[in-house]
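Since every read-out is calculated from the coordinates, none of them should be taken as a lab result. Quantities reported herein were computed from a predicted structural model and do not represent experimental measurements. Here the Cβ positions follow ideal geometry from the backbone for every residue, glycine too, while neighbour counts run over all protein chains shown.
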Amino acid sequence: MIEIRGLSKIFRTGGDPVHAVDNVSLSIGEREFFVLLGLSGSGKTTLLRSIAGLEKPESGEIRLGDRVVNSAERGIFIPPSDRGVGMVFQSYAVWPHMTVFDNIAFPLLNRRGRLPRAQVRERVRHALELVQLSGLEDRPAPMLSGGQQQRVALARALAVEPQVLLMDEPLSNLDARLREEVRDEIKALSQKLGVTVFYVTHDQVEAMALADTVAVMSHGKILQTGPAQAVYDRPVDRSVGEFLGSMNELEGRVDADGRVVTGVGSLACGLLPQEGDPGGEALVGVRPNDVYVSVAATGRENEFPARVESRVFLGDIVAYQLSVNGTAISCKTTVSEPAFDPGANVHVRFPRDKLKVFAR
Amino acid sequence: MTAGNTTLQDLDTAPRLLPRLGRVDWSQTLIVGVAVAAAATIVILLGLIVWMSLRTGVPAQPSPYTLENYHTLLSDPYNYEVLGTTLAFALVTIAVAVPSGAVFAWLLERTDLPGKTAAATLLSMGILIPTFLKAMGWVFLLHPRIGALNLFLVRVVGLESSPFNIATVVGMGFVQGITLAPVAYVMVAAALRRMNPALVEAAAVHGVGIVRSLLRVELPLVWPAILSVMIWLFTIAIAAFDVPAVIGMTNNIFTFSTALYFMVNPAEGLPQYGLSGAFGTIMIGLSLFLMIPYFAALRHSHRYQIISGKGYQTRPIELGRWRLLGWGALLLYVLLAVVLPLVSMLWASLLPYMQAPSWRALASLSLERYTSVFVDDALITSGLNTLFLMFAVPTAILFFSAAISWVVTRSRLRGRMVLDAIAFLPHPVPNLLFALAIAYLALVVSHVVPLYGSIHLLVLAYTLVWIGFGTRTLNSNMLQVHRELEEAAQVGGASALRIVRKIIVPLIRPGLVYVWIWTSLLAYRELTMAVLLSSPENQVISTFIWGEWTGGGLGDAATAGILMVVIMSPLVAGFWTVARRQLDVAES
């Protein structure tokens, strides 16, 4: 549905030019929920705005469906108003001088191929129903709460019945509890409507919860693309791994048997990196919730004696700082598991399939 | 408890950290005193206008309190005519200034117009030429009897009568509007910059074209700001003196300011202070009343500044071939605001009498006026007086406005917002009235203090009237200085005055420099108040030129005007460049 080939966008605002988007290629299928994950300044919003036509890339091509909307090489640039996308802005951009109804109806009444009034009324009614704001048609926009404005922005984007829905950090201005609720609604809506979604966020939890496919972006480049779980479990490198969540990092060396010798001991690992030749340096990453703790040894592989250094109660989970052969390891367990007291001697186990090995 | 930890008992015996608390800080009292003195003077002067309106006869003579002046004023149909002319003049001014200012703001803020820095400089160039000189330039060009273009069309082309007449209400409004367009530009541009660009992008993304989006989204959103600009310029126009005086009086068209001027400086008979007081009181009421819709519109425009996203720059609208039209409009503006008035004034200054442009006229061009005007002692004195004002006034303004701003933003004094409002008062109230009140006051006390006709009266008038420029800039500057920076010094035992000198002043230096330069430029341009307070001893360049003009020496007035622009331009341009840079620093 969205095809991007070799896209680059350079900003020249005094000083050195910034490659906001640096030769990016992506392919997003129909009805796919695609999440672009990156820190602020990674170029993710610029990429989204390029798809919308709000930025004009220096090189590369963008296709929406079977239509080329942007090709720097062929001199094609379809203006945003003719791309037929829907977009939800980070600031919502709900027009403050209009009512809820007018906000949603305005594009329908003012775009090419405008609809008859009766049909517009029906579309607006339907869109408001989808976002559960029925009955608020006549409310002036400034009299809406943040969450309601967010829903109006979504309804406006959906009312044009776009094939592609662009969302630029739509939840970042909502408070934490509302964020989760709206997040789940967005996911359900997109499945129900069968729309292709291009969603930009810096929140990895949000990305995991929403994405069919997630792409991690940094410094204008896409580092990894794939199903959310695959990217989480098998990050291609250390920076992607770190970005998706905290990670214990153990430096080591690959031995002749293909095990990695680290500070905590010799670890049997799953896939070794391509360059993982014997004698090569490697980094083993393991997420705190993939570290298993028990008082008695289980006798399985990758198990080591450890000492509990500290314990922090976080509500639904408990975080421990452990010392394994003098190496600090953090570990998270759910509360239902037995609690270990600081100073206790325990056993810690790193399951082979949870270990991520990167070349150093 | 390990050694080295402080216990509560230790704290009790430690030296007190807050020595100043509980003791009276005299320096703070001093700052408050300066601020209150300035504000009180403003209020007293306004009160004086009302007091004047209730008395008859000449100043310093006993008079019963009476409403006779109001009766005389309101029963004379001529005064209603003046009021009608003033309103019509103000409306034409707005009709010229606001649309052109808004178009320039849109071009510079929203499009990819090339050479934006140059365009912004061109728009601000008008500051180089005082308004009364521009008005004179237009008289030399389009007056039905002496205007060069009219003379050309009648004598050379052969038209039966002069086709153009600048000395009409529309003509005056046109010239006033041209001079105020940059003000409208700055205010609308600021509103466009405050607006969340995503609001326009949201229209584009969902299929709305540029023109519809401009008319249905962007314009309605900046409308409250535009409305506030309109009211603001309206108050400026009804109080304007330069243009009605220079252009209108050649054709006996009077607006409020020029009519008031003639009440105080009548061609025959005694000055009618009582009548002018009544007229002034009514105008004070009108201009204060206008502040109600002004602030309402301003509040409304700020309400539209909703949460904005991250600070991205929106992609400018591509003008394509329309850019030529954009630059065409800009150059046309510069032609009308700067080039034409200057050229026609230069033409007048080089001729023995006004002639149509022709070979014969070219042959009679000479620099004779320039050589004769230069040896004129009065011009030299006026120049020195102007320079004195350009340094004394801004310095006094900084002194008083910094004190007021400090009290308003820093102290917890009750009634501090009243001080702020009073400092703002001279903005809407016609400045001429402050000069009138000061002149009256000087006459009343003339037996005791012989101030009448002194240059210090000009310093007093300019300073009081423009304090508001200072406080508006310094208020926002001081608010940006975090309170804790000051409190840290306070805890360290510094006095209020020392804190202002050592902490606040260095931190807001760019704002101070900007205010100083800006008010210095105002002092250079000012004619209105100078004319009302003028005497042979306190002539400045503007009143010197005004004297030549009203005395019938049009060519000499043009010559002095050209000299004023040529000699002062490097200074003014240098000031302006520094001020703009300081403003950039202050905003970043």
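Approximating the spin labels as points 7 Å out from Cα along Cα→Cβ, the B:Thr66-to-A:Leu178 distance works out to 6.8 nm. With respect to chain B, whose longest principal axis is taken over its alpha-carbon atoms, helix B:509-525 is tilted by about 20°. Karplus-based coupling profile of the range A:43-56, in residue order and whole Hz: x, 5, 5, 4, 4, 5, 5, 5, 5, 6, x, 7, 10, 10, with θ = phi - 60° in 6.51 cos²θ - 1.76 cosθ + 1.60 and x standing for Gly or Pro. Using the rule -39500 (n - 2.57) for each DSSP H run of four or more residues, divided by the residues of chain B, the 222 nm mean residue ellipticity is -22000 deg cm²/dmol. Within the same chain, aspartates and glutamates fewer than 8 places from B:Lys502 are excluded, and of the rest, those with a Cα less than 15 Å from its Cα are B:Glu484, B:Glu486, B:Glu487. Per residue, chain A reaches -7000 deg cm²/dmol at 222 nm when only DSSP H runs of four or more residues are counted, each adding -39500 (n - 2.57).
Local charge for B:Ser401 was computed over the other residues whose Cβ lies under 12 Å away, with Lys and Arg +1 and Asp and Glu -1, and equals 0.
Express in nm, to one decimal, how much length is gained between A:Arg12 and A:Glu185 on full extension, taking 0.36 nm for each residue of separation and deducting their alpha carbon distance.
Extending this stretch completely gives an extra 58.4 nm.
Please tell me the relative contact order of the range B:314-436 in percent, rounded to the nearest whole number, where contacts are Cα pairs under 8 Å and at least six residues apart.
Result for the range B:314-436 is 10 percent.
The peptide list B:448-455, B:158-165, B:431-438, put in order of mean Cβ contacts within 10 Å with the highest first, becomes B:431-438, B:448-455, B:158-165.
Fewest-first ordering of A:Glu242, A:Glu32 by other beta carbons within 10 Å of each residue's beta carbon gives A:Glu242, A:Glu32. Across the range A:98-234, Cα-Cα pairs more than 25 Å apart make up 33 percent of the total. Over the C-alpha atoms of the protein assembly as shown, the Rg to Rh ratio, Rh being the Kirkwood estimate, stands at 1.09. Nearest 0.05, what FRET efficiency do A:Lys221 and A:Arg253 give at R0 = 41 Å with Cβ-Cβ as r? Taking R0 as 41 Å, the efficiency between A:Lys221 and A:Arg253 is 0.90.
Cross-link reach is defined here as a Cα-Cα straight distance under 22 Å, omitting same-chain residues fewer than 8 places apart; for A:Lys187 the lysines meeting it are A:Lys44. Convex hull of alpha carbon positions in the range B:196-249: directionally averaged projected area 5.2 nm².
Given bins 10 angstrom wide, list per bin the percent of all Cα-Cα distances in the range B:494-563, short to long. With a bin width of 10 Å, the distribution comes to 18, 30, 19, 17, 12, 4, 0. Local charge for B:Pro426 was computed over the other residues whose Cβ lies under 15 Å away, with Lys and Arg +1 and Asp and Glu -1, and equals -1. Here the calculated FRET efficiency for B:Arg212 and A:Thr327, from their Cβ-Cβ distance with R0 = 51 Å, stands at 0.20, rounded to the nearest 0.05. Within the range A:192-242, all pairs of alpha-carbon atoms sorted by distance into 10 Å bins from zero give the percentages 23, 58, 16, 3. Counted by Cβ distance under 12 Å from A:Leu322, the other residues give a net charge of +3, where Lys and Arg count +1 and Asp and Glu count -1.
Each residue of the range B:242-253 was assigned a 3J(HN,Hα) from its phi angle through the Karplus expression (A = 6.51, B = -1.76, C = 1.60, θ = phi - 60°), giving 3, 5, x, 5, 6, 8, x, 5, 6, 10, 6, 9 Hz with x at Gly and Pro.
When +1 charges are put on Lys and Arg Cβ atoms and -1 charges on Asp and Glu Cβ atoms, the dipole computed for the range A:178-292 relative to its Cα centre reaches about 260 debye.
GNM on chain A, alpha-carbon springs under 10 angstrom: the most fluctuating residue among A:Gly263, A:Gly285, A:Gly53 is A:Gly263. Give the angle, between 0 and 90 degrees and rounded to the nearest 10, that separates the Cα long axis of helix B:131-142 from the longest principal axis of the Cα atoms of chain B. Orientation of helix B:131-142: about 20 degrees from the principal axis. Seen against the Cα atoms of chain A and their longest principal axis, helix A:146-159 is set at about 60 degrees.
For peptide A:107-119, the mean count of partner chain Cβ atoms within 10 Å of a residue's Cβ comes to 3. The smallest convex shape that holds all Cα atoms of the range A:181-322, its convex hull, gives 164 Å³ per residue.
Can you tell me what share of the DSSP beta bridges in the range A:123-246 is antiparallel? A percent to the nearest 5 is fine.
55
Residue order for B:Trp26, B:Trp546, fewest other beta carbons within 10 angstrom first, comes to B:Trp26, B:Trp546.
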